[in-house]
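Worksheet for the structure shown next.
The values are calculated or read from the model by the stated rules, or taken from the named source; none is laboratory data. Fair warning: this is a prediction, and the values are worked out from it, not measured in the lab. As a convention, Cβ positions derive from the backbone with ideal geometry for all residues, glycine included, and neighbour counts pool all protein chains shown.
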Amino acid sequence: MKALAFAASSSRNSINKQLVSYALSKLEHTEKTLLDLNDFPLPLYSIDLEKEIGIPEAAQDFAEQIDAAELIVISLAEHNGSYTAVFKNLFDWLSRNKTKCFDNKKMILLSTSPGARGGRGVMDAALTRFPIHGAEILGHLCLPNFKENFDTEQGILNTELQSEFDALLQLSKAL
């Protein structure tokens, strides 16, 4: 199985990148690719710019990564209750290239934040929106209070949350 993973953040110290990296490390019997959104620089989407330049090469390259994957694992960072600007911009370009930009791929969604909701706002947005764009969401997990519940060496510290996480990753074994 080919798994593609990324954090929907441009932060070099992203807690969502730590979480998605951890998830990718736990997937077995998988060819794994971890992308960094910083490697796909894109101009701010506008219809006028699209008419002028077409779909940028970076968006096309990202779409090719999606096309090559069988499973997509995303850890969604939350800004003001929704997607980060960098992810929303990428999503806009991808969906202009192909409306069903997730190409009927299986998807596991994660989110985390320093707070008690663990990115619930952005997760709700993704659970509603992504299927419209061709995602088949296998499951999702919001990890609250990142600093209290995650350690880079040990992973998820809360046993109940770790059990939920393990069950979520088990869903990928059917692929």
| request: Can you tell me which residue among Ser95, Ser46, Ser9 is under 22 Å from Cys142 (Cα atoms) and modelled with pLDDT of 95 or more? | output: Ser9
| What number goes with the only condition from (1) in a strand (DSSP E or B); (2) crowded, with 23+ Cβ neighbours inside 10 Å that Thr33 does not pass? | (2)
| task | Report yes if some residue within the stretch 97-105 is surrounded by 17 or more Cβ atoms within 10 Å (Cβ to Cβ), within 12 Å of the chain's Cα centre (by Cα) and part of a loop (DSSP other than H, G, I, E, B); otherwise report no. | result | yes
| request: Filter the stretch 70-89 down to residues that are of a type outside the set (D, E, K, R), under 23 Å from Leu138 (Cα atoms), modelled with pLDDT of 95 or more and not in a strand (DSSP E or B), then give me how many there are. | output: 4
| remark: Reported set for the stretch 107-140 where residues are farther than 17 Å from Phe91 by Cα, over 12 Å from the mean Cα position of the chain (by Cα) and not in a helix (DSSP H, G or I) is Ser113, Pro114, Gly115, Ala116, Arg117, Gly118, Gly119, Leu138, Gly139
| task | Would you check if Asn16 is under 20 Å from Phe130 (Cα atoms), outside any strand (DSSP E or B) and either of a type in the set (A, V, I, L, M) or within 15 Å of the chain's Cα centre (by Cα) (or both)? | result | yes
| query | For Ser21, all conditions in the list (1) surrounded by 13 or more Cβ atoms within 10 Å (Cβ to Cβ); (2) farther than 20 Å from Val73 by Cα; (3) out of contact with any Asp or Glu (no Cβ under 8 Å at 6 or more places or on another chain) hold save one; what is the number of the exception? | reply | (2)
| task | For Ser10, indicate whether it is part of a loop (DSSP other than H, G, I, E, B) and surrounded by 15 or more Cβ atoms within 10 Å (Cβ to Cβ). | result | yes
| request: Find all pairs meeting these conditions: Cβ atoms under 8 angstrom apart; at least six residues apart or on different chains; first residue within the stretch 34-57 and over 11 Å from Asp92 (Cβ atoms); second residue among the aromatic types (Phe, Trp, Tyr) and at pLDDT below 95. | output: none
